[in-house]
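Report on one structure; see the data block that follows.
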Ligand code: DGT
Ligand code: CA
Ligand code: CA
């Protein structure tokens, strides 16, 4: 297989940066963007914060109350509610520029995307670096947004590389530099390796990607199962053959509510989910879409997140099928549920258009 050139582009402190662009006076202050829950007061979580606020230890997902505590002596700290419509508008403008500069464009989320640019830069990393700089410049001209770009032969390394020199970074990892780049990094830098896996490795005294290369595939498979074992074995060697795939934009349909009370009781949660399914289904129907992936999402009493999803064999737009799957996911999720649940959500993704009028009746 020929060497690919893949970009991962990620906007810096995205929601907070959007707020700074709208209100430039904010730039010198700590800025926290908050998801206030419908329970009122300071109840809710930090979506993100600018780098000034991060210096005081403010992090995504943290309760608003904690962030206020951390910024107590900073009288100029600003706490703003999220404004998704505005962020999406900013995101769409920037994504347009990326799309125009890619052979294949893969939307990942409001603030990140993969671009395969192999053809247009003729497999040349020098040219790729120029193209990346141009993309950064046009995004800044059109939207004022700064972003960080990782360039490498695959999605995995590019994702790690875009995070390597934030903000406003550009990190190029050409094929011959892959090992030198990866080896000193902690294993946590590999997307998909979370705290739990990290802890298991650190019990074995393995901290860096270089350390992990000592593990053979059999031991890894035995420890983590074949799927994760193989993933880790390849990842530490910088191997990732996932193609950059064109995806239907952004769009995922989701609804989330704050529950009347924290709970982990099946009946109560199930009733709420039935309602959420109806609401999601209404949007799906209105947009004449089918979905192939279904997920549920918990925000737990300590504000940590938990989600479960499943892929259907075939796309559907059927409400009963949605509810049935959601119910199944709920049962699975509750099997080892210790914390109570505070907010509850349903989402559908992997959307496609319902084609052909005559078919529609059979879908709904
Ligand atoms: P970065 O990329 O490290 O400069 O900072 P962000 O804020 O762009 O972080 P990133 O890329 O992980 O997330 C993109 C946006 O997604 C972020 O601006 C807000 C949102 N987000 C991230 N984490 C959370 C979270 O835990 N809760 C909520 N509600 N939103 C989040
Ligand atoms: Ca980001
Ligand atoms: Ca991101």
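Throughout, read-outs are computed from the coordinates displayed, never taken from laboratory work. Predicted model, so just to flag it, every value in this text is computed and none were measured. Cβ: placed from backbone, ideal geometry, glycine included. Neighbour counts: every protein chain shown.
The table for this structure:
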| quantity | calculated |
| --- | --- |
| Which of 348, 33, 178 has the fewest Cβ neighbours within 10 Å, and the rest in rising order | 178, 33, 348 |
| q = 0.09 Å⁻¹, segment 170-329: log10 I(q)/I(0) [Debye, one scatterer per Cα] | -0.49 |
| Segment 252-353 - convex hull of the alpha-carbon atoms, volume per residue in Å³ | 84 Å³ |
| Extension reserve of the residue 219-residue 282 stretch, reckoned as 0.36 nm per residue once the Cα distance is removed | 17.9 nm |
| Using a Förster distance of 51 Å, the FRET efficiency for residue 74-residue 141 (Cβ separation, nearest 0.05) | 0.95 |
| Global form of segment 183-235, assessed from the alpha-carbon gyration tensor, a/c cut-off 1.5 | rounded |
| DSSP bridge pairs, the chain: antiparallel proportion in percent, nearest 5 | 85 percent |
| Residue-span extension gain [residue 185 to residue 204] - 0.36 nm each, minus C-alpha spacing | 5.1 nm |
| Relative contact order of the chain, pairs being alpha-carbon contacts under 8 Å that are 6 or more residues apart, as % | 15 percent |
| Cα-based shape type of the chain, given that a ≥ b ≥ c are square roots of the gyration tensor eigenvalues and the cut on a/c is 1.5 | rounded |
| Neighbour-count order for 239, 187, fewest beta carbons within 10 angstrom listed first | 239, 187 |
| Fluctuation leader among 226, 237, 342 - the chain, Gaussian network, Cα springs under 10 angstrom | 226 |
| Ranked 286, 306, criterion: other C-beta atoms within 10 Å, fewest first | 286, 306 |
| Computed label-point distance, nm, for sites residue 256 and residue 335 using a 7 Å Cα→Cβ extension | 2.5 nm |
| Percent RCO, i.e. relative contact order, over segment 252-353, from Cα pairs under 8 Å lying at least 6 residues apart | 48 percent |
| Within the chain, helix-based [θ] at 222 nm, where runs of 4 or more DSSP H residues each add -39,500 (n - 2.57), nearest 500 | -12500 deg cm²/dmol |
